[in-house]
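The values are calculated or read from the model by the stated rules, or taken from the named source; none is laboratory data. What you see is a predicted model; the values in this text were computed from it and never measured. Positions of Cβ are backbone-derived with ideal geometry, glycine not excepted, and every protein chain shown enters the neighbour counts. Side chains are part of the model used for accessible areas, which takes the heavy atoms of the whole protein and leaves out ligands, DNA and RNA. Shrake-Rupley method; radii C 1.70, N 1.55, O 1.52, S 1.80 Å.
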There are 2 protein chains.
Amino acid sequence: MSRRILVVDSVCTNRILGAADLSAARFDVRTCDSADAARRALRDGLPDLVAVGVGEGAACHDLLAELRAAPRTRALPIVAVGGDGGTAARLAALQAGADEAFPAGVDPALLVARLRSLLRRRDELEDLRPHDAAARALGFGDEAEPFAAPGRVAVLAGPSGAPPAALAEVIGRLGRRAQLLRDPAELTRQKADVVLLDAAGGAAGPDAAGRLAASGGCLSPGALFRAIAEVRAQGGRRQAEILAIVPPGATDLAVMALDLGAGDLVTADVGTAELSWRIDGLLRRKRVHDRLRDKVRDGLQAAVTDPLTGIANRRFAMATLGGMARAAGPGAPLAVMVLDIDHFKAVNDRHGHVAGDCVLIEVAGRMAAALRPGDLFARIGGEEFLVAAPGLGAAAARDLADRLRAAVADREVEVSNEMCANPAASVSVTISAGLAIGQGDEGDRLFGRADAALYAAKRDGRDRICLWSDPTATAPRHPVRVAVAAQPPGGPRRDWLSSRSA
Amino acid sequence: MSRRILVVDSVCTNRILGAADLSAARFDVRTCDSADAARRALRDGLPDLVAVGVGEGAACHDLLAELRAAPRTRALPIVAVGGDGGTAARLAALQAGADEAFPAGVDPALLVARLRSLLRRRDELEDLRPHDAAARALGFGDEAEPFAAPGRVAVLAGPSGAPPAALAEVIGRLGRRAQLLRDPAELTRQKADVVLLDAAGGAAGPDAAGRLAASGGCLSPGALFRAIAEVRAQGGRRQAEILAIVPPGATDLAVMALDLGAGDLVTADVGTAELSWRIDGLLRRKRVHDRLRDKVRDGLQAAVTDPLTGIANRRFAMATLGGMARAAGPGAPLAVMVLDIDHFKAVNDRHGHVAGDCVLIEVAGRMAAALRPGDLFARIGGEEFLVAAPGLGAAAARDLADRLRAAVADREVEVSNEMCANPAASVSVTISAGLAIGQGDEGDRLFGRADAALYAAKRDGRDRICLWSDPTATAPRHPVRVAVAAQPPGGPRRDWLSSRSA
């Protein structure tokens, strides 16, 4: 499928020429003759990129600014085309909201390469930014920028010659945030967010900071290409954004630099303000990219975390238990416990849901503190928890279960959180636990046995632990947990019952 | 930070030369002189890529196969270096597990470009494949391949000349899965998983399928570069994997093709078996990439879904309620309901947890069926649900709440699921609901009011609905839900109570 481009230009010949260039490059082009027509077209559906003719000046800039501000079009790549190609016009278009600005009559090969680079970059971000309600609920739509340390910039130039004037000045302004590389070998060691690669050099001008003396000069085309490929091979968070500086008119060099993965490109006659603006844009893009990566990680973490207690949830527990059970065997048993807070409903009814939440958080915390680092601990139901402890036989598992029981029962739970109905209340809480030991059993089966033992503990009066032990020495049929709980074949043997210790 | 490469070669000069080439290309190189030493080194920590000298034949292949089979090293890029460069040796190394195989004396520029392309590709996958326990629980570690339709392959060659012999034969074998493009313009319209770009042509040989007559010939270097850039600009799922075919010895062309983003590369004298093997490898990679993208989306979806009922969870509800509440206002009120299953604990105690789960699923299903598409519906606690219905004033919201109550209460819930303790049981279930209407209030506040009204409905005997209405006309202080529930200032007014209808 071709990428769709919306061309907006009030001048008929511009629309025709622009559409012809882009169609020749296999884009699917639609044209509009006014900002209003463009607004209507965008309401019908979003293209992959918008090209706005800015020959008319201010009115076009309004459209740019509007597209950039609206949540629906904010992430659309936008290119401004037209004007005299002067520094001031280009900067104005960028500041109005364009990602790139080209003069009328720009070489179509360069224009197309730039569009491709903008589309690729957008795709990379979209890969990390789902657009459904789930993503919105997880905060992906939230574009507000948290505080971020100012980014770092590395500059690589060639072995001889003078840097472009704007580059020298910008480096001076960046001060300690700029790092000058003397050798391409340093590219793999830099930790910059943006790397400037100077393949132009020589627009003379004073070296404002006097810091370029040693590096000065510019990269050969081959060195530029290699440098881009090397920075891109750094990977993930370590991969910096790239800005290439090429001589004016070096279209082939520019096209190749963009297709190789330079995120932005200027010619050596760039102004200081524009260069600063573009560097800031790349720094922002890097931050957005890194943040999206974090959000994906956080979102996936959230999928396996119980939001109230912060411990693992049932999904995580069930997915993990199977592997732990398979890994167990003779000499390395797995102890599985299902634990339930006794009479929890009464806490909710008497003290309110918020007090109930306090109890859940406190109980989870006390049990977590009594477990070992490698133990699985999850909230698998309203007031129900699962523990899987590798390497524990029946005796050690009973000890652990009793430590968990005691940690909960030994002192009352203060529900003094200001969210609670009765700020000064404290509640006496006990738990019951069912315990099963596996040596190569399936996770589901172990869970079923522990759950059946939990029922026995509940029936026996609560605040106690019951160890499942198979009275028939034949494996009960699926579903274990229910068959055993409802019609226990003699019931799980209660060979170890703890009495209330408080 | 430099990318770390582990060089494994039993021949001392190979190690020294290999390490020198790679260090010159700014990689961080560590060497091992045997497979055993490599195994030890890999236990200490994983590099970014492994280069294995395969001059010694079978023993080296064992190491390749072992690295590819072990879960920990399965995704490591592996390059085999050495041997005579003949077709058979290369294919053997690839089939043993290498991602790429080069003869001794390969041009270091080509070697390095290929390593970069392998590293980049690995990074793209790693970006989508978190490695923590959360990801494992969500199935990211699961490499088992589900059934997949055979992939499609598009072939683009130039306007004249004959295709390489192996290409002609492979196209013949692929049959209808191969699509021949006659013009680069067709690149943007193809829907292939792998695109073969022939920039070599002319190793003559018969056109096995007689299908290449019209396309024949090969791409110029410029056309190859443009084609790669165009395929890469297709984006996301639409972006095909690229295999470039270049003339033997055309190192510069090969380096540029790899750096531009070709996923694999062969010379025109490639054998049929090797070309097929590489195409299959790219098809597999495309499938893995697409599946990882799906898993990220599914994982994020899971983060906001209640696994038992399949409806939204509390996280989603709380994140979404705020926006809905803000969007409400005079003329477009928002109705918020908190609903709770009455005496749910008794169901669990009497019929078992599985029956309780059946009830939750059935109740959620009945309520979902009674709601409108735009309504928010979530399970926010064990047996507690939230509904937010935009555009409903008090009267319409009461009607809706009563429909929900009736949908649950009007007939018993069959817990005839075979997982249930008592397969034929049916259970009488009722719900209570608290209702609050907002016009510009905060989501939290509305929720607190609805929750307070729910308490009142419970106190009044359950199976009924209670509408919150502010008795003092001053906003209660935070936290609303608890202050009102525990010490109601006169209590929420119960101006509408439904009686039990069954």
In contact with a strand residue (DSSP E or B) (Cβ under 9 Å, 6 or more places away or on another chain) and at pLDDT below 85: does that describe residue A:404?
no
Being within 25 Å of residue B:179 (Cβ to Cβ), of a type outside the set (A, V, I, L, M, F, W, C) and modelled with pLDDT of 70 or more is the requirement here; does residue B:105 meet it?
no
Looking at the range A:26-47 only, could you name the residues that are in a helix (DSSP H, G or I) and either charged (D, E, K, R) or not assigned by TED's automatic domain parsing to the domain that holds residue A:113 (or both)?
A:36, A:39, A:40, A:43, A:44
Across (1) surrounded by fewer than 16 Cβ atoms within 10 Å (Cβ to Cβ); (2) in contact (Cβ under 8 Å) with a residue 24 or more places away in the chain; (3) part of a helix (DSSP H, G or I), residue A:74 clears everything bar (3)
Here is a list: A:410, A:349, A:399, A:444. Which entry is among the acidic types (Asp, Glu) and either buried (at least 21 other Cβ atoms within 10 Å of the Cβ) or under 36 Å from the mean Cα position of the chain (by Cα) (or both)?
A:444
Please pick out the residue among A:454, A:435 that is open to solvent by less than 70 Å² (accessible area, probe 1.4 Å), assigned by TED's automatic domain parsing to the domain that holds residue A:342, at pLDDT 90 or above and part of a helix (DSSP H, G or I).
A:454
Restricted to the range A:288-328 and to residues being surrounded by 21 or more Cβ atoms within 10 Å (Cβ to Cβ) and of a type in the set (Ser, Thr, Tyr), the residue modelled with the highest pLDDT is A:309
Options B:432, B:428; residue that is in contact (Cβ under 8 Å) with a residue 40 or more places away in the chain, within 13 Å of chain A (Cβ to nearest Cβ), closer than 21 Å to residue B:454 by Cβ and not hydrophobic (A, V, I, L, M, F, W, C):
B:432
Confirm whether residue A:255 is within 12 Å of another protein chain (Cβ to nearest Cβ) and either in contact with a strand residue (DSSP E or B) (Cβ under 6 Å, 6 or more places away or on another chain) or without any contact (Cβ under 8 Å) to a residue 40 or more places away in the chain (or both).
no
Odd one out for residue A:26 among (1) crowded, with 19+ Cβ neighbours inside 10 Å; (2) in contact with a strand residue (DSSP E or B) (Cβ under 7 Å, 6 or more places away or on another chain):
(2)
Go through the range A:335-354 and give me each residue that's in a helix (DSSP H, G or I), among the charged types (D, E, K, R) and within 19 Å of residue A:406 (Cβ to Cβ).
none
Step by step: first the residues of the range A:329-341, then only those that are within 12 Å of another protein chain (Cβ to nearest Cβ) and of a type in the set (Val, Ile, Thr), then the one that is surrounded by the fewest Cβ atoms within 10 Å (Cβ to Cβ). Which residue is that?
A:341
Positions within the range A:1-27 being hydroxyl-bearing (Ser, Thr, Tyr) and within 14 Å of chain B (Cβ to nearest Cβ), in sequence order
A:2, A:23
Would you check if residue B:6 is out of contact with any Gly (no Cβ under 8 Å at 6 or more places or on another chain), among the aliphatic types (A, V, I, L, M) and modelled with pLDDT of 90 or more?
yes
Return a yes/no flag: does the range B:71-82 have any residue that is within 14 Å of another protein chain (Cβ to nearest Cβ) and of a type outside the set (A, V, I, L, M).
yes
Considering only the range A:108-122, I want to know if a residue exists there that is more than 21 Å from residue A:259 (Cβ to Cβ) and of a type outside the set (A, V, I, L, M).
no
Residue under evaluation residue B:381, criteria (1) assigned to a loop (DSSP other than H, G, I, E, B); (2) more than 17 Å from residue B:458 (Cβ to Cβ), criterion not met:
(2)
Condition set of a type in the set (Gly, Ala, Ser) and farther than 26 Å from residue A:255 by Cα, scope the range B:254-281, selection surrounded by the most Cβ atoms within 10 Å (Cβ to Cβ): answer is B:268
Close pairs (7 angstrom Cβ cut-off, 6 or more residues apart or separate chains): facing chain B (nearest Cβ under 8 Å) in the range A:342-353, in a helix (DSSP H, G or I) anywhere
A:345/B:345; A:352/B:482; A:352/B:485; A:352/B:486
Return the residue satisfying two criteria in turn: it lies in the range A:234-252 and is within 13 Å of chain B (Cβ to nearest Cβ) and open to solvent by 10 Å² or more (accessible area, probe 1.4 Å), and of such residues it is modelled with the lowest pLDDT.
A:236
List every residue pair whose Cβ atoms lie under 9 Å apart, where the two residues are 6 or more positions apart in sequence or sit on different chains, the first residue falls within the range B:28-39 and is within 14 Å of chain A (Cβ to nearest Cβ), and the second residue, located anywhere, is open to solvent by 40 Å² or more (accessible area, probe 1.4 Å) and of a type in the set (Gly, Ala, Ser).
B:29/B:20; B:29/B:23
Quick one: would you say residue B:299 is in contact (Cβ under 8 Å) with a residue 12 or more places away in the chain and within 12 Å of chain A (Cβ to nearest Cβ)?
yes
Positions within the range B:355-378 being part of a loop (DSSP other than H, G, I, E, B) and open to solvent by 40 Å² or more (accessible area, probe 1.4 Å), in sequence order
B:372, B:373, B:374
